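Engineer: Sending over a structure as structure tokens; questions will come in a sec.
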Amino acid sequence: MFEDELDPDPVVQFGAWFHEAGTDAVCLVTASKEGVPAGRMVLLKGHDDRGFAFYSNFDSAKGRDLAENPRAALVFHWLPDRQVRVSGSVDRIDDNESNAYWRNRPRASQLSAWASRQSEVIDSRATLERRVEELDQQFPGDVPQPPFWGGYRLAPETIEFWHHRDDRLHDRLRYRREGGGWVRERLAP
Ligand SMILES: Cc1cc2nc3c(=O)[nH]c(=O)nc-3n(C[C@H](O)[C@H](O)[C@H](O)COP(=O)(O)O)c2cc1C
């Protein structure tokens, strides 16, 4: 992977690799204000000049981390030979945009989002399923968006493209924000 093979705009370059990857799963890494890290997979639900979008429960462990320390990292691994790392600050996505995504979700997913106090200890699966049945009765028509659920957007400050080489002299090209633009640097593998 040489410098002239990558787009000068890392968001455009990300789009090309993401399109080829065929999967939208990504590891999201957050940290508490004490600096305790936590990683978990989420689904990437959009990417553009504003950043990288994902959806979750605001009261979950990740939601609590992001409320007290709104910085995060994303790690994509795409077989056979690519990795992308992104870091930056995270904001909530505005209600209109979150709601447009919510309305496109299947009813079962919507009821599950209501039923799950994500990351809390629960006594059994049966309790969750009972809760879904109750909610199904409570919302016979459209299921409203829960106030504790919505989108986040990570605004990138660095985006690194990594490409495997058999001799382990892998390629790493990192873009970092400087002024209004991006500076691209090669990192040792
Ligand atoms: C492939 C995959 C995709 C996932 N996508 C999401 C997602 O988009 N949003 C979400 O809240 N959890 C998603 N999860 C579940 C999370 O990994 C995690 O279990 C959950 O969000 C609770 O994390 P937390 O306790 O750190 O907040 C996904 C899990 C997997 C394996």
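Rule-based calculations on the coordinates, nothing more; no lab input. These numbers come from a predicted model, not from an experiment. FYI the Cβ positions are ideal-geometry reconstructions off the backbone, even for glycines, and counts take in every protein chain you see.
Engineer: Can you list the HN-Hα couplings for the range 159-175, worked out from phi with the Karplus curve (6.51, -1.76, 1.60; θ = phi - 60°), rounded to whole Hz and with x for Gly and Pro?
Structural biologist: The phi angles translate into 9, 10, 9, 10, 9, 5, 10, 4, 7, 6, 8, 5, 9, 9, 10, 10, 9 Hz.
Engineer: What does the charge count around Arg131 come to, taking other residues whose C-beta lies under 14 Å from its C-beta (Lys +1, Arg +1, Asp -1, Glu -1)?
Structural biologist: -3
Engineer: Moving on. Residue by residue, what Karplus-based ³J(HN,Hα) values in Hz, rounded to whole numbers, does the range 64-80 have, using 6.51, -1.76 and 1.60 with θ = phi - 60° and x for Gly and Pro?
Structural biologist: Whole-Hz 3J(HN,Hα) from phi for the range 64-80: 5, 4, 5, 5, 9, 8, x, 10, 7, 10, 10, 10, 9, 10, 10, 5, x.
Engineer: Taking Rh as the Kirkwood radius, which is the inverse of the mean 1/r over Cα pairs, what is the Rg/Rh value for the chain?
Structural biologist: That ratio equals 1.03.
Engineer: Which of Phe161, Phe139, Phe14 moves the most in a Gaussian network model of the chain with Cα springs under 10 Å?
Structural biologist: Phe139
Engineer: Relative contact order of the chain, please, whole-number percent, based on alpha carbon pairs below 8 angstrom and at least 6 residues apart.
Structural biologist: Relative contact order here is 23 percent.
Engineer: A further question on this structure: For a protection proxy built on the mean count of beta-carbon atoms within 10 angstrom, sort 114-120, 35-41 highest first, please.
Structural biologist: Final packing ranking: 114-120, 35-41.
Engineer: Measure nothing fancy, just the Cα-based angle from helix 125-138's long axis to the longest principal axis of the chain, in degrees from 0 to 90, nearest 10.
Structural biologist: On a 0 to 90 degree scale, this one is about 70.
Engineer: If you don't mind, another one. Looking at the chain as a GNM with Cα springs under 10 Å, which of Gly179, Gly63, Gly46 has the largest mean-square fluctuation?
Structural biologist: Gly179
Engineer: For the range 120-189, just list the percent of Cα-Cα distances falling in each 5 Å bin from zero outward, please.
Structural biologist: Reading the bins upward from 0: 3, 11, 11, 11, 9, 7, 6, 6, 10, 13, 10, 2, 0.
Engineer: Say we join alpha carbon atoms closer than 10 Å with springs in a Gaussian network model of the chain; which of Arg172, Arg131, Arg64 then has the biggest fluctuation?
Structural biologist: Fluctuation is largest for Arg131.
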